[in-house]
Amino acid sequence: MQQGSLKDIGKLFLKLGLIAFGGPAAHIAMMRDEVVRKRQWMNDSHFLDLVGATNLIPGPNSTELAIHLGKEKGGWKGLIIAGLCFILPAVFITLGFAYLYKNYGQLPEIQAFTYGIKPAIIAIILSAVYPLAKTSLKSSLLILIGILALTASFFGVNEIIVLFGFGFLALLIQYFKTNNNQANSVLPLSLATVSHSKLFFVFLKIGSVLYGSGYVLFAFLDSELVQTGLLPRQTLLDAIAVGQFTPGPVFSSVTFIGYQINGGMGAFVSTIGIFLPSFIFVALLNPLVKKMRDSQVFAAFLDAVNVASVALIIAICFTMGKDSVTDWKTVLIMIVSLFITFGFRKINSVWVVLGGSLLGYLLTLL
(Lines give C-alpha, C1' and ligand atoms only; values in the text may rest on other atoms or scores of the structure.)
Protein backbone atom coordinates (compact mmCIF):
# COMPACT_ATOMS: atom_id res chain seq x y z
CA MET A 1 0.00 0.00 0.00
CA GLN A 2 1.42 3.37 -1.03
CA GLN A 3 2.20 5.97 1.59
CA GLY A 4 -0.09 8.44 -0.18
CA SER A 5 -3.04 6.12 0.44
CA LEU A 6 -2.30 6.02 4.17
CA LYS A 7 -2.14 9.82 4.23
CA ASP A 8 -5.47 9.98 2.41
CA ILE A 9 -6.98 7.60 4.97
CA GLY A 10 -5.63 9.67 7.85
CA LYS A 11 -6.83 12.99 6.40
CA LEU A 12 -10.30 11.65 5.64
CA PHE A 13 -11.00 10.09 9.03
CA LEU A 14 -9.41 12.98 10.90
CA LYS A 15 -11.82 15.28 9.09
CA LEU A 16 -14.76 12.99 9.86
CA GLY A 17 -13.67 12.79 13.49
CA LEU A 18 -13.88 16.59 13.68
CA ILE A 19 -17.22 17.15 11.92
CA ALA A 20 -19.23 13.91 12.23
CA PHE A 21 -22.04 15.01 14.55
CA GLY A 22 -25.29 13.17 15.17
CA GLY A 23 -24.51 9.59 16.16
CA PRO A 24 -23.74 6.37 14.24
CA ALA A 25 -26.44 6.69 11.56
CA ALA A 26 -25.17 10.15 10.62
CA HIS A 27 -21.54 8.99 10.71
CA ILE A 28 -22.35 6.09 8.36
CA ALA A 29 -24.11 8.49 5.96
CA MET A 30 -21.06 10.79 5.94
CA MET A 31 -18.66 7.89 5.41
CA ARG A 32 -20.73 6.62 2.50
CA ASP A 33 -20.67 10.13 0.99
CA GLU A 34 -16.87 10.24 1.27
CA VAL A 35 -15.75 6.71 0.34
CA VAL A 36 -18.45 5.66 -2.16
CA ARG A 37 -19.66 8.83 -3.86
CA LYS A 38 -16.65 11.16 -3.72
CA ARG A 39 -13.58 8.91 -3.62
CA GLN A 40 -15.06 5.73 -5.16
CA TRP A 41 -12.96 3.48 -2.93
CA MET A 42 -15.74 0.86 -3.18
CA ASN A 43 -19.31 0.46 -4.44
CA ASP A 44 -22.52 0.65 -2.41
CA SER A 45 -22.83 -3.14 -2.28
CA HIS A 46 -19.46 -3.65 -0.60
CA PHE A 47 -20.02 -0.66 1.70
CA LEU A 48 -23.32 -2.24 2.78
CA ASP A 49 -21.57 -5.54 3.53
CA LEU A 50 -19.24 -3.70 5.91
CA VAL A 51 -22.17 -1.85 7.53
CA GLY A 52 -23.92 -5.18 8.06
CA ALA A 53 -20.76 -6.74 9.48
CA THR A 54 -20.33 -3.97 12.06
CA ASN A 55 -23.88 -4.57 13.27
CA LEU A 56 -23.03 -8.21 14.02
CA ILE A 57 -20.31 -7.45 16.58
CA PRO A 58 -20.34 -5.50 19.86
CA GLY A 59 -19.01 -1.97 20.12
CA PRO A 60 -19.54 1.44 18.46
CA ASN A 61 -20.81 0.78 14.94
CA SER A 62 -19.50 3.89 13.19
CA THR A 63 -16.05 3.52 14.76
CA GLU A 64 -15.91 -0.11 13.65
CA LEU A 65 -17.02 0.90 10.15
CA ALA A 66 -14.18 3.46 10.02
CA ILE A 67 -11.75 0.69 11.03
CA HIS A 68 -13.17 -1.64 8.36
CA LEU A 69 -12.85 1.06 5.68
CA GLY A 70 -9.26 1.76 6.71
CA LYS A 71 -8.44 -1.95 6.44
CA GLU A 72 -10.04 -2.19 3.00
CA LYS A 73 -8.09 0.80 1.66
CA GLY A 74 -4.78 0.55 3.52
CA GLY A 75 -4.39 -2.91 5.02
CA TRP A 76 -3.42 -3.32 8.67
CA LYS A 77 -1.78 0.13 8.84
CA GLY A 78 -4.93 1.63 7.35
CA LEU A 79 -7.03 -0.17 9.96
CA ILE A 80 -5.11 1.47 12.81
CA ILE A 81 -4.82 4.90 11.17
CA ALA A 82 -8.52 5.13 10.29
CA GLY A 83 -9.63 4.06 13.77
CA LEU A 84 -7.29 6.39 15.64
CA CYS A 85 -7.95 9.39 13.39
CA PHE A 86 -11.71 8.97 13.78
CA ILE A 87 -11.59 8.46 17.55
CA LEU A 88 -8.91 10.90 18.75
CA PRO A 89 -10.55 14.24 17.80
CA ALA A 90 -13.63 13.33 19.87
CA VAL A 91 -11.41 12.11 22.71
CA PHE A 92 -9.40 15.34 22.86
CA ILE A 93 -12.48 17.59 22.55
CA THR A 94 -14.21 15.57 25.26
CA LEU A 95 -11.07 15.76 27.41
CA GLY A 96 -11.22 19.55 27.17
CA PHE A 97 -14.83 19.55 28.35
CA ALA A 98 -13.91 17.10 31.13
CA TYR A 99 -11.18 19.45 32.38
CA LEU A 100 -13.52 22.46 32.39
CA TYR A 101 -16.25 20.46 34.10
CA LYS A 102 -13.98 19.13 36.85
CA ASN A 103 -12.52 22.57 37.57
CA TYR A 104 -15.60 24.77 37.11
CA GLY A 105 -18.49 22.36 37.70
CA GLN A 106 -20.50 23.12 34.56
CA LEU A 107 -20.54 22.76 30.80
CA PRO A 108 -20.37 25.71 28.36
CA GLU A 109 -23.62 26.92 26.80
CA ILE A 110 -23.56 25.88 23.14
CA GLN A 111 -27.18 24.74 22.72
CA ALA A 112 -27.92 27.60 20.30
CA PHE A 113 -25.39 26.22 17.83
CA THR A 114 -26.45 22.55 18.23
CA TYR A 115 -30.15 23.42 17.79
CA GLY A 116 -30.01 23.17 14.00
CA ILE A 117 -27.52 20.32 13.66
CA LYS A 118 -29.87 17.35 14.13
CA PRO A 119 -32.46 18.44 11.52
CA ALA A 120 -29.61 18.89 9.03
CA ILE A 121 -28.18 15.49 9.96
CA ILE A 122 -31.55 13.80 9.36
CA ALA A 123 -31.42 15.13 5.79
CA ILE A 124 -27.89 13.75 5.36
CA ILE A 125 -28.95 10.32 6.65
CA LEU A 126 -31.96 10.18 4.33
CA SER A 127 -29.87 11.16 1.31
CA ALA A 128 -27.49 8.26 2.09
CA VAL A 129 -30.17 5.70 2.98
CA TYR A 130 -31.96 6.12 -0.36
CA PRO A 131 -29.14 4.72 -2.58
CA LEU A 132 -28.23 2.11 0.07
CA ALA A 133 -31.84 0.91 0.14
CA LYS A 134 -31.89 0.65 -3.68
CA THR A 135 -28.69 -1.42 -3.53
CA SER A 136 -29.83 -3.75 -0.76
CA LEU A 137 -33.37 -4.51 -1.97
CA LYS A 138 -32.28 -6.94 -4.68
CA SER A 139 -35.20 -9.38 -4.58
CA SER A 140 -38.81 -9.72 -3.46
CA LEU A 141 -37.62 -11.71 -0.41
CA LEU A 142 -35.26 -8.93 0.63
CA ILE A 143 -38.00 -6.32 0.14
CA LEU A 144 -40.26 -8.37 2.41
CA ILE A 145 -37.45 -8.71 4.99
CA GLY A 146 -36.87 -4.95 4.82
CA ILE A 147 -40.55 -4.20 5.50
CA LEU A 148 -40.68 -6.71 8.37
CA ALA A 149 -37.42 -5.42 9.87
CA LEU A 150 -38.64 -1.81 9.69
CA THR A 151 -41.95 -2.78 11.29
CA ALA A 152 -40.16 -4.70 14.05
CA SER A 153 -37.90 -1.70 14.71
CA PHE A 154 -40.86 0.66 15.05
CA PHE A 155 -42.44 -1.74 17.54
CA GLY A 156 -39.27 -1.64 19.66
CA VAL A 157 -37.87 -5.11 18.92
CA ASN A 158 -34.21 -5.28 19.97
CA GLU A 159 -31.93 -4.49 17.04
CA ILE A 160 -29.80 -7.60 17.61
CA ILE A 161 -32.92 -9.78 17.32
CA VAL A 162 -33.86 -7.93 14.13
CA LEU A 163 -30.40 -8.34 12.56
CA PHE A 164 -29.67 -11.93 13.51
CA GLY A 165 -33.29 -13.08 13.27
CA PHE A 166 -33.84 -11.99 9.69
CA GLY A 167 -30.26 -12.89 8.79
CA PHE A 168 -30.71 -16.49 9.91
CA LEU A 169 -34.17 -16.63 8.31
CA ALA A 170 -32.65 -15.74 4.92
CA LEU A 171 -29.76 -18.16 5.56
CA LEU A 172 -32.18 -21.04 6.20
CA ILE A 173 -34.24 -20.23 3.12
CA GLN A 174 -31.12 -20.16 0.96
CA TYR A 175 -29.81 -23.34 2.59
CA PHE A 176 -32.94 -25.29 1.78
CA LYS A 177 -33.02 -23.81 -1.73
CA THR A 178 -29.47 -24.88 -2.54
CA ASN A 179 -29.18 -27.86 -0.14
CA ASN A 180 -25.59 -26.81 0.35
CA ASN A 181 -24.01 -27.63 3.67
CA GLN A 182 -20.59 -26.07 3.04
CA ALA A 183 -21.03 -22.97 5.14
CA ASN A 184 -17.90 -21.47 6.66
CA SER A 185 -17.56 -21.51 10.42
CA VAL A 186 -17.30 -18.29 12.36
CA LEU A 187 -14.46 -18.19 14.85
CA PRO A 188 -15.23 -17.25 18.46
CA LEU A 189 -13.69 -13.96 19.52
CA SER A 190 -11.60 -13.52 22.61
CA LEU A 191 -9.67 -10.67 24.19
CA ALA A 192 -6.45 -10.66 26.15
CA THR A 193 -6.24 -8.57 29.26
CA VAL A 194 -3.34 -6.09 29.29
CA SER A 195 -3.90 -3.88 32.34
CA HIS A 196 -4.49 -4.12 36.11
CA SER A 197 -6.59 -0.95 36.23
CA LYS A 198 -10.13 -1.43 37.52
CA LEU A 199 -11.40 1.28 35.17
CA PHE A 200 -9.72 -0.39 32.22
CA PHE A 201 -11.46 -3.68 32.95
CA VAL A 202 -14.85 -2.03 33.47
CA PHE A 203 -14.69 -0.35 30.07
CA LEU A 204 -13.02 -3.30 28.37
CA LYS A 205 -15.94 -5.45 29.49
CA ILE A 206 -18.48 -2.92 28.24
CA GLY A 207 -16.71 -2.51 24.90
CA SER A 208 -16.58 -6.29 24.50
CA VAL A 209 -20.26 -7.05 25.06
CA LEU A 210 -22.24 -3.91 24.26
CA TYR A 211 -24.57 -3.98 21.28
CA GLY A 212 -26.77 -1.08 20.28
CA SER A 213 -26.73 2.70 20.39
CA GLY A 214 -25.07 5.17 22.72
CA TYR A 215 -28.17 5.09 24.86
CA VAL A 216 -27.52 1.42 25.59
CA LEU A 217 -23.96 2.43 26.55
CA PHE A 218 -25.32 4.86 29.12
CA ALA A 219 -27.52 2.13 30.61
CA PHE A 220 -24.39 -0.03 31.05
CA LEU A 221 -22.52 2.90 32.60
CA ASP A 222 -25.33 3.52 35.05
CA SER A 223 -25.23 -0.12 36.11
CA GLU A 224 -21.41 -0.38 36.31
CA LEU A 225 -20.52 3.03 37.73
CA VAL A 226 -23.49 4.89 39.22
CA GLN A 227 -25.08 1.98 41.05
CA THR A 228 -21.68 0.89 42.40
CA GLY A 229 -20.96 4.36 43.75
CA LEU A 230 -18.06 5.22 41.44
CA LEU A 231 -19.88 8.06 39.68
CA PRO A 232 -22.73 10.46 40.60
CA ARG A 233 -25.74 10.14 38.30
CA GLN A 234 -25.63 13.86 37.47
CA THR A 235 -22.10 13.44 36.16
CA LEU A 236 -23.31 10.60 33.94
CA LEU A 237 -26.09 12.84 32.61
CA ASP A 238 -23.55 15.56 31.88
CA ALA A 239 -21.37 12.99 30.13
CA ILE A 240 -24.37 12.07 27.95
CA ALA A 241 -24.74 15.76 27.04
CA VAL A 242 -21.06 15.97 26.07
CA GLY A 243 -21.42 12.86 23.90
CA GLN A 244 -24.38 14.40 22.08
CA PHE A 245 -22.88 17.78 21.19
CA THR A 246 -19.32 16.73 20.34
CA PRO A 247 -18.37 15.21 16.95
CA GLY A 248 -17.17 11.65 16.44
CA PRO A 249 -18.17 8.50 18.32
CA VAL A 250 -20.51 8.97 21.29
CA PHE A 251 -18.35 6.42 23.13
CA SER A 252 -15.89 9.27 23.73
CA SER A 253 -18.18 10.16 26.66
CA VAL A 254 -16.17 7.49 28.45
CA THR A 255 -13.12 9.79 28.26
CA PHE A 256 -15.12 12.42 30.14
CA ILE A 257 -16.21 9.89 32.76
CA GLY A 258 -12.72 8.45 33.23
CA TYR A 259 -11.34 11.95 33.78
CA GLN A 260 -13.94 12.71 36.45
CA ILE A 261 -13.13 9.48 38.30
CA ASN A 262 -9.34 9.41 38.10
CA GLY A 263 -8.00 12.44 36.20
CA GLY A 264 -5.88 12.15 33.07
CA MET A 265 -4.82 8.54 33.64
CA GLY A 266 -8.45 7.59 34.26
CA ALA A 267 -9.43 9.18 30.94
CA PHE A 268 -6.58 7.36 29.18
CA VAL A 269 -7.27 3.83 30.45
CA SER A 270 -11.05 4.24 30.07
CA THR A 271 -10.69 5.33 26.45
CA ILE A 272 -8.30 2.47 25.64
CA GLY A 273 -10.60 -0.02 27.35
CA ILE A 274 -13.80 0.98 25.53
CA PHE A 275 -12.28 1.15 22.03
CA LEU A 276 -9.71 -1.68 22.08
CA PRO A 277 -12.29 -4.47 21.49
CA SER A 278 -13.49 -2.70 18.31
CA PHE A 279 -10.02 -2.91 16.75
CA ILE A 280 -9.69 -6.59 17.67
CA PHE A 281 -13.19 -7.57 16.52
CA VAL A 282 -12.79 -5.81 13.17
CA ALA A 283 -9.33 -7.30 12.63
CA LEU A 284 -10.82 -10.78 13.14
CA LEU A 285 -14.06 -10.16 11.23
CA ASN A 286 -12.82 -8.24 8.17
CA PRO A 287 -11.29 -11.27 6.36
CA LEU A 288 -14.51 -13.23 6.96
CA VAL A 289 -16.73 -10.70 5.15
CA LYS A 290 -15.41 -11.68 1.71
CA LYS A 291 -15.70 -15.38 2.58
CA MET A 292 -19.32 -14.85 3.61
CA ARG A 293 -20.02 -12.98 0.36
CA ASP A 294 -18.43 -15.81 -1.68
CA SER A 295 -20.58 -18.44 0.04
CA GLN A 296 -24.13 -18.71 -1.38
CA VAL A 297 -25.66 -19.53 1.98
CA PHE A 298 -23.83 -16.88 4.00
CA ALA A 299 -24.29 -14.32 1.20
CA ALA A 300 -28.05 -14.67 1.77
CA PHE A 301 -27.47 -14.08 5.49
CA LEU A 302 -25.37 -10.98 4.74
CA ASP A 303 -27.95 -9.63 2.27
CA ALA A 304 -30.69 -9.91 4.89
CA VAL A 305 -28.51 -8.28 7.55
CA ASN A 306 -27.79 -5.42 5.14
CA VAL A 307 -31.50 -4.86 4.52
CA ALA A 308 -32.20 -5.00 8.26
CA SER A 309 -29.36 -2.51 8.85
CA VAL A 310 -30.94 -0.04 6.42
CA ALA A 311 -34.30 -0.54 8.15
CA LEU A 312 -32.70 0.19 11.53
CA ILE A 313 -31.11 3.39 10.18
CA ILE A 314 -34.52 4.54 8.91
CA ALA A 315 -36.07 3.77 12.30
CA ILE A 316 -33.30 5.74 14.07
CA CYS A 317 -33.87 8.62 11.66
CA PHE A 318 -37.59 8.61 12.51
CA THR A 319 -36.83 8.64 16.25
CA MET A 320 -34.33 11.47 15.82
CA GLY A 321 -36.93 13.41 13.88
CA LYS A 322 -39.50 13.09 16.66
CA ASP A 323 -36.96 14.35 19.20
CA SER A 324 -35.37 17.18 17.21
CA VAL A 325 -37.88 18.43 14.60
CA THR A 326 -40.30 19.96 17.05
CA ASP A 327 -41.22 23.43 15.72
CA TRP A 328 -41.39 25.46 12.50
CA LYS A 329 -37.72 26.46 12.78
CA THR A 330 -36.40 22.92 12.86
CA VAL A 331 -38.87 21.91 10.12
CA LEU A 332 -37.47 24.74 7.99
CA ILE A 333 -33.87 23.65 8.65
CA MET A 334 -34.67 20.04 7.69
CA ILE A 335 -36.49 21.07 4.49
CA VAL A 336 -33.61 23.32 3.39
CA SER A 337 -31.10 20.56 4.22
CA LEU A 338 -33.13 17.95 2.30
CA PHE A 339 -33.28 20.27 -0.72
CA ILE A 340 -29.49 20.68 -0.64
CA THR A 341 -28.59 17.01 -0.02
CA PHE A 342 -30.92 15.64 -2.72
CA GLY A 343 -30.67 18.53 -5.19
CA PHE A 344 -26.97 19.29 -4.96
CA ARG A 345 -25.27 15.97 -4.26
CA LYS A 346 -21.78 17.32 -4.93
CA ILE A 347 -21.97 19.58 -1.87
CA ASN A 348 -20.01 18.05 0.99
CA SER A 349 -22.08 16.99 4.00
CA VAL A 350 -19.74 19.07 6.19
CA TRP A 351 -21.28 22.25 4.80
CA VAL A 352 -24.78 20.92 5.42
CA VAL A 353 -23.92 20.33 9.10
CA LEU A 354 -22.26 23.74 9.50
CA GLY A 355 -25.07 25.44 7.60
CA GLY A 356 -27.69 23.77 9.80
CA SER A 357 -25.82 24.87 12.91
CA LEU A 358 -25.54 28.49 11.71
CA LEU A 359 -29.16 28.63 10.54
CA GLY A 360 -30.27 27.16 13.88
CA TYR A 361 -28.30 29.82 15.76
CA LEU A 362 -29.77 32.64 13.66
CA LEU A 363 -33.33 31.32 14.10
CA THR A 364 -32.93 31.15 17.87
CA LEU A 365 -32.34 34.93 17.81
CA LEU A 366 -35.83 35.52 16.43
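The values are calculated or read from the model by the stated rules, or taken from the named source; none is laboratory data. Everything numeric in this text was worked out from a predicted model, so none of it was measured. Backbone-built Cβ (ideal geometry, glycine too); neighbour counts: all protein chains shown. Remember, those area values only see protein heavy atoms, side chains included, never the ligands or the DNA or RNA. Shrake-Rupley method; radii C 1.70, N 1.55, O 1.52, S 1.80 Å.
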Give me the net charge for the shell around Lys38: Cβ to Cβ below 15 angstrom, other residues only, Lys and Arg +1, Asp and Glu -1.
+4
Let me see the P(r) profile for region 1-97: every Cα-Cα distance counted, bins of 5 Å, each bin given as a percent of all pairs.
3, 14, 26, 28, 19, 7, 3, 0
Taking a ≥ b ≥ c as the square roots of the Cα gyration tensor eigenvalues, with a/c under 1.5 meaning rounded and otherwise prolate when a/b beats b/c, else oblate, which class fits the chain?
oblate
Could you tell me the relative contact order of the chain? Use alpha-carbon pairs under 8 Å, at least six residues apart, and round to a whole percent.
32 percent
Hull shadow area, averaged, region 295-353 [alpha-carbon convex hull, nm²]
5.6 nm²
Which percent of Cα pairs goes in each bin when the distances of region 247-366 are cut into 5 angstrom slices starting at zero?
2, 9, 10, 11, 13, 13, 16, 15, 8, 3, 1, 0
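Report the local net charge at Val289: Lys and Arg +1, Asp and Glu -1, summed over other residues whose C-beta lies under 14 Å from its C-beta.
The answer is -1.
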Take each uninterrupted DSSP H stretch in the chain, measure its Cα extent along the helix axis, and return the ones at 15 Å or beyond whose mean Kyte-Doolittle hydropathy is at least -0.5.
3-19, 44-55, 61-104, 117-136, 140-154, 159-178, 198-209, 233-245, 253-294, 296-324, 328-343, 349-364
Between Leu362 and Arg345, what is the spin-label point distance in nm, taking each point 7 Å from the Cα along the Cα→C-beta axis?
2.8 nm
Residue-normalised accessible area of the chain, given per residue in Å² at a 1.4 Å probe:
45 Å²
Nearest 20 debye, what's the magnitude of the dipole of the chain about its Cα centre given +1 on Lys and Arg Cβ and -1 on Asp and Glu Cβ?
760 debye
Positive dipole terminus of the chain, leading residue within Asn262, Leu88, Ser153 (C-beta point charges):
Leu88
Quick one: dipole size for region 22-162, taken about the Cα centre, charges +1 on Lys/Arg Cβ and -1 on Asp/Glu Cβ, in debye to the nearest 20.
280 debye
In the chain, carbon and sulfur make up what percent of the accessible area (probe 1.4 Å)?
65 percent
Full extension from Phe201 to Gln234: what is 0.36 nm times the residue separation minus their Cα-Cα distance, to one decimal in nm?
9.6 nm
